[in-house]
There are 4 protein chains.
Amino acid sequence: MTKVVQIGDVKIGGGNFAIIAGPCSVESEEQILEVAESVRKSGACILRGGAFKARTSPYNFQGMKTEGLELLLEAKKATGMPIVTEIMSVNHLPLYEDVDMIQIGARSMQNFELLKAVGRTDKPVLLKRGLASTLEELLLSAEYIMSEGNENVILCERGIRTFERYTRNTLDLSAVPALKEQTDLPVIIDPSHATGKSSLVESMAMAATAAGADGLMIEVHNDPENALSDGAQSLTPAQFDEVVRKVKKIREALD
Amino acid sequence: MTKVVQIGDVKIGGGNFAIIAGPCSVESEEQILEVAESVRKSGACILRGGAFKARTSPYNFQGMKTEGLELLLEAKKATGMPIVTEIMSVNHLPLYEDVDMIQIGARSMQNFELLKAVGRTDKPVLLKRGLASTLEELLLSAEYIMSEGNENVILCERGIRTFERYTRNTLDLSAVPALKEQTDLPVIIDPSHATGKSSLVESMAMAATAAGADGLMIEVHNDPENALSDGAQSLTPAQFDEVVRKVKKIREALD
Amino acid sequence: MTKVVQIGDVKIGGGNFAIIAGPCSVESEEQILEVAESVRKSGACILRGGAFKARTSPYNFQGMKTEGLELLLEAKKATGMPIVTEIMSVNHLPLYEDVDMIQIGARSMQNFELLKAVGRTDKPVLLKRGLASTLEELLLSAEYIMSEGNENVILCERGIRTFERYTRNTLDLSAVPALKEQTDLPVIIDPSHATGKSSLVESMAMAATAAGADGLMIEVHNDPENALSDGAQSLTPAQFDEVVRKVKKIREALD
Amino acid sequence: MTKVVQIGDVKIGGGNFAIIAGPCSVESEEQILEVAESVRKSGACILRGGAFKARTSPYNFQGMKTEGLELLLEAKKATGMPIVTEIMSVNHLPLYEDVDMIQIGARSMQNFELLKAVGRTDKPVLLKRGLASTLEELLLSAEYIMSEGNENVILCERGIRTFERYTRNTLDLSAVPALKEQTDLPVIIDPSHATGKSSLVESMAMAATAAGADGLMIEVHNDPENALSDGAQSLTPAQFDEVVRKVKKIREALD
């Protein structure tokens, strides 16, 4: 049995299944409030949204930064949902005081100074697997956090880099049972980044649930075609609602 | 909706879900009959077993060859299950007359002469994805078979080669919805070769089912520890029985 | 020191360095004769050319087949160069009687029946590494040939499949010293397939030479833009002449 | 022609070839002084050495940190060689004032905050390619540095992660000509990390030189067997001396 990590009032692990949803990037007050409200109604229990964005090119949208964080906190207040958002630098930590769970992105999985810094807080940490990181390396990065005293770590598989080009990355779903053989930390799946295609998210969300994941992290946007980042992999609120419905059926079958 | 491929009395595709099971290699009359009977009782509807084996080293067990084929046919007679077994050479085709489905193994996915040869028969063909083949290449290999007139092709994802070392290969489960966007051929999953570890098979079999696969191919051995090949990934009959039970629950939840 | 493999009058290995050159596919009498004559003048000592082609799609040019073999033999007669060409099926072996070296292509590296069949001849065999094959697997495939009695095997690294997309494949040049630590078979490099870009061939040919390769295999076409296959990676005769000149300089520096 | 980047009195690029050498980690005053002196004599012109180390596990040796930096500065003073050493955190920048070139390690290639921070200095930056980063991503990370005003960037290929297990990583030497088609920044090769085996370093150093690299970065240790990190890939001073001799021969042949 995995251990329980508590994010606000929400529990993940130990039999508790949680769906995290929200847009790739916070883009405006209207957008984050609308998406937050809709995913909450569908059954998400934690709100995600990027404020500081890790983008491959310096010329891409870099996120709304502190303003984005404020909008997330506003959405938290409006909906009652705890929030998770990525951190990019040790020096931004003070800004994350009211954030419920700190996300370490795939590109930061081996940013050891950052791992140690969040390890010195008591905040839940969502640690994403690097694009070319083995499960052993993921576990050792978790160890960097825990060895500083913070054991509230949730692992997230979000697709690895392979030769296949139909999907953005290759979802390594065997990571779920493989990690559970080696750790009691909760393991969640992000089918949005893993596939990079909204049309594949439903199927992979159901598969992840059946595989025994402790939760899902899914990108939802109120207007995917005009999203400032990752529109191709974002579900509409209606699509997300359908995914949650089907995931619940799988969960019931597992009981 | 995928098309239906019929193997003996068994249908795969078009809503029909089928479980193929059996040992990696046929090893003796006793072994194949015992495994065949037990997987049939648990709910498998097609028997698998290797007679001519594709082994990386010439010094490994190469299969019982024609004697293995005869034992498979005996097991077919005893249990009433249609059989599937791998072919290694165009010149072996005459030996496969009573085999119900011919398997093209991962290492033969781009053996174009072999593809064309089975394409000139009317036998169902189980085409496994190569270890480093893209989905596009898999579909083009299916095209080699179909362009010769044989449209009874079933695609099988069995894990791709990546940097991860905990598992033997990396199961690319997104291949299921990705292939269904591009073809109406049935798609099945082989969690045994994909993971290489019997402890991960159950979880991946359930995930594959939830992802929408049309069937599963699972290695079962009556004595995995002493198997002549692939023992580490083979289920015992009792483990297989449990997997089938859980897969059925997932199937029911999907209806 | 590597062992010597003799192809007609040409030696590879044991300090003998050989350049194999010619078009991807034999396309016409005029083409193969023109290319053969030009590469011979520049310093190539073995002529390559595809007659039976392994193409990913059944709808691509499949080679001139037996007619292509005849044109290669004509070019051999005209230039005095021994020839190497790929074999696709065990059943084509009788057609290869006058071919000096048989090539096992990357997609056939684990076509074990084919390996055993060429192992029962005494012809030199050029064994190309599979796209996702480890060096260990390449050596075991060579073992399939040698265990049948034919020790005239030359290994060829031609690029492996990775996530990088600028090049067609990734040339694994460390294969040269790595293989030499494990075998005394000659090792050659094919920079054309490895990079897929004619602009990168010169640099990689020089690097391969400096790394200690026993030879090179380079695609040359008299009209790359209109080549029926692999035009993007084919050198013009003038470019090839320049490559040979620079490779010779590296060879001299190594003495 | 690539642009010239100047590190102390040493030029890299624009026809200037430079060899960087030294131990993986600074371990003691004696060790760094001894190695520095020996590599200088053999022909290295920049000294490398790790003070803050990026280690996969928190339980591995993490480097001598500030003390290591001081010892590097001492070795610089003793030998007159400029030094390069890796930075792990934005907050360590003040400690690097007297360091001649700052190294961004493979695991930090997409630590965008760190890239921007070194971009706001005028120090030469050695940017290593990430283990699973495409050349396009490497160039975009360089862009992060340059867009802040610092154009003194040197790119370093140090092996990418593939399925091959004989070597620690797979050296992608085609990166040299491929990068030179896309940028005028100098490109150097690190054969030590790329292969992970000291026995393969000489061959790959020679190949990199022949491929047109602007320099090399090679790990040298006075006692590899007892090194605190990366001993298996470290050359002895005598081996390094031999490598430099052979690399010079290749350089001469290129002129």
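Looking only at the range D:164-176, count every residue that is within 13 Å of chain A (Cβ to nearest Cβ) and surrounded by 23 or more Cβ atoms within 10 Å (Cβ to Cβ) and tell me the total.
The total comes to 1.
Residues that are touching a Phe, Trp or Tyr at 6+ places or on another chain (Cβ under 7 Å) and under 30 Å from A:Ser38 (Cα atoms), at least 1 per element: which helices (runs of 4 or more DSSP H) completely within the range A:51-148 meet that?
Hits in the range A:51-148: A:65-79.
Among (1) among the hydrophobic types (A, V, I, L, M, F, W, C); (2) within 13 Å of another protein chain (Cβ to nearest Cβ); (3) in contact with a Pro (Cβ under 9 Å, 6 or more places away or on another chain), there is one condition A:Ile189 misses while meeting the rest; what is its number?
(3)
For the range B:66-81, does any single residue satisfy the condition of being within 21 Å of B:Asp214 (Cα to Cα) and in contact with a strand residue (DSSP E or B) (Cβ under 9 Å, 6 or more places away or on another chain)?
Yes, because at least one residue in the range B:66-81 is within 21 Å of B:Asp214 (Cα to Cα) and in contact with a strand residue (DSSP E or B) (Cβ under 9 Å, 6 or more places away or on another chain).
Could you go through the range D:53-67 and let me know if any residue there is crowded, with 24+ Cβ neighbours inside 10 Å, in contact with a Pro (Cβ under 9 Å, 6 or more places away or on another chain) and not basic (Lys, Arg).
No; the residues of the range D:53-67 include none that is crowded, with 24+ Cβ neighbours inside 10 Å, in contact with a Pro (Cβ under 9 Å, 6 or more places away or on another chain) and not basic (Lys, Arg).
Is it fair to say C:Glu70 is within 14 Å of chain B (Cβ to nearest Cβ) and charged (D, E, K, R)?
no
Only residues that are among the hydroxyl-bearing types (Ser, Thr, Tyr) and under 17 Å from D:Ser108 (Cβ atoms): list them for the range A:85-103, please.
Within the range A:85-103, just A:Ser89 meets the criteria.
Taking the range B:236-255, which residues are in contact with an Asp or Glu (Cβ under 7 Å, 6 or more places away or on another chain) and buried (at least 19 other Cβ atoms within 10 Å of the Cβ)?
Across the range B:236-255, the qualifying residues are B:Val243, B:Ala253.
In this structure, does A:Ser234 turn out to be over 24 Å from A:Lys3 (Cβ atoms), hydroxyl-bearing (Ser, Thr, Tyr) and more than 14 Å from every other protein chain (Cβ to nearest Cβ)?
yes
Could you list, in sequence order, all residues of the range C:32-50 that are outside any loop (DSSP other than H, G, I, E, B) and surrounded by fewer than 22 Cβ atoms within 10 Å (Cβ to Cβ)?
Once the filter is applied, which keeps residues that are outside any loop (DSSP other than H, G, I, E, B) and surrounded by fewer than 22 Cβ atoms within 10 Å (Cβ to Cβ), the range C:32-50 yields C:Leu33, C:Glu34, C:Glu37, C:Ser38, C:Arg40, C:Lys41, C:Ser42.
Spot the failing condition for C:Ser108; the list is (1) buried (at least 22 other Cβ atoms within 10 Å of the Cβ); (2) within 16 Å of C:Val26 (Cα to Cα); (3) touching a Leu at 6+ places or on another chain (Cβ under 9 Å), and only one is missed.
Answer for C:Ser108: the failing condition is (2).
Identify all residues within the range A:210-231 that are of a type in the set (A, V, I, L, M) and within 14 Å of chain B (Cβ to nearest Cβ); write none if there are none.
Matches in the range A:210-231: A:Ala210, A:Ala211, A:Ala213, A:Leu216.
Enumerate the pairs (first residue in the range B:39-64 and β-branched (Val, Ile, Thr); second residue anywhere and buried (at least 24 other Cβ atoms within 10 Å of the Cβ) and in a loop (DSSP other than H, G, I, E, B)) with beta-carbon separation below 7 Å, excluding pairs fewer than 6 apart on the same chain, so at least 6 apart or on different chains.
B:Ile46/B:Met81
Name every residue in the range D:72-87 that is buried (at least 22 other Cβ atoms within 10 Å of the Cβ) and either farther than 29 Å from A:Glu86 by Cα or more than 15 Å from the chain's Cα centre (by Cα) (or both), in order of residue number.
Passing the criteria: D:Leu72, D:Ala75, D:Met81, D:Ile83, D:Val84.
Just name the residue that is surrounded by the most Cβ atoms within 10 Å (Cβ to Cβ) out of those in the range B:117-133 that are out of contact with any helix residue (DSSP H, G or I) (no Cβ under 6 Å at 6 or more places or on another chain) and either at the interface with chain C (Cβ under 9 Å from one of its Cβ atoms) or among the basic types (Lys, Arg) (or both).
B:Ser133
State all residues of the range B:73-116 that are of a type in the set (D, E, K, R) and within 9 Å of another protein chain (Cβ to nearest Cβ); if no residue qualifies, say none.
B:Arg107, B:Glu113, B:Lys116
Restricting the search to the range B:199-255, which residues are assigned to a helix (DSSP H, G or I) and of a type in the set (Asp, Glu)?
Across the range B:199-255, the qualifying residues are B:Glu202, B:Glu225, B:Asp241, B:Glu242, B:Glu252.
Can you say whether A:Gln31 is in contact (Cβ under 8 Å) with a residue 24 or more places away in the chain and closer than 30 Å to D:Lys116 by Cα, as far as the supplied structure shows?
For A:Gln31, the condition - in contact (Cβ under 8 Å) with a residue 24 or more places away in the chain and closer than 30 Å to D:Lys116 by Cα - is met.
Can you pull out every residue in the range A:88-105 that is within 14 Å of the chain's Cα centre (by Cα) and over 17 Å from A:Val10 (Cα atoms)?
Those that are within 14 Å of the chain's Cα centre (by Cα) and over 17 Å from A:Val10 (Cα atoms): A:Ile104, A:Gly105.
Which ones in the range B:62-103 are over 19 Å from B:Leu115 (Cβ atoms) and hydrophobic (A, V, I, L, M, F, W, C)?
Answer for the range B:62-103, where residues must be over 19 Å from B:Leu115 (Cβ atoms) and hydrophobic (A, V, I, L, M, F, W, C): B:Met64, B:Leu69, B:Leu71, B:Leu72, B:Leu73, B:Ala75, B:Ala78, B:Met81, B:Ile83.
In the range C:224-255, which residues are among the charged types (D, E, K, R) and modelled with pLDDT under 95?
C:Glu225, C:Asp230, C:Asp255
With the structure loaded, tell me whether B:Gly63 is at positive phi and either out of contact with any Ser or Thr (no Cβ under 6 Å at 6 or more places or on another chain) or of a type outside the set (Val, Ile, Thr) (or both) or whether it fails that test.
yes
Return the residues of the range D:152-198 that are among the polar types (S, T, N, Q), without any contact (Cβ under 8 Å) to a residue 40 or more places away in the chain and part of a loop (DSSP other than H, G, I, E, B); say none if nothing qualifies.
Answer for the range D:152-198, where residues must be among the polar types (S, T, N, Q), without any contact (Cβ under 8 Å) to a residue 40 or more places away in the chain and part of a loop (DSSP other than H, G, I, E, B): D:Thr162, D:Thr167, D:Asn169, D:Ser174.
State yes or no: is D:Met146 surrounded by fewer than 24 Cβ atoms within 10 Å (Cβ to Cβ), of a type in the set (A, V, I, L, M) and modelled with pLDDT of 95 or more?
Considered against the rule, which asks whether it is surrounded by fewer than 24 Cβ atoms within 10 Å (Cβ to Cβ), of a type in the set (A, V, I, L, M) and modelled with pLDDT of 95 or more, D:Met146 comes out as yes.
Is it fair to say A:Ile154 is β-branched (Val, Ile, Thr) and within 12 Å of chain D (Cβ to nearest Cβ)?
So A:Ile154 fails the test.
Taking A:Ala253, is it of a type in the set (Gly, Ala, Ser), in contact with a strand residue (DSSP E or B) (Cβ under 8 Å, 6 or more places away or on another chain), more than 22 Å from A:Phe52 (Cβ to Cβ) and within 14 Å of chain B (Cβ to nearest Cβ)?
Here the answer is no, as A:Ala253 does not meet what is asked.
Taking the condition of being of a type outside the set (D, E, K, R), surrounded by fewer than 24 Cβ atoms within 10 Å (Cβ to Cβ) and under 25 Å from C:Glu27 (Cβ atoms), how many residues in the range C:202-225 meet it?
2
The values are calculated or read from the model by the stated rules, or taken from the named source; none is laboratory data. Because the structure is a prediction, the values reported are computed rather than measured. Here the Cβ is made from the backbone with ideal geometry for all residues, glycine too, and neighbour counts use every protein chain on show.
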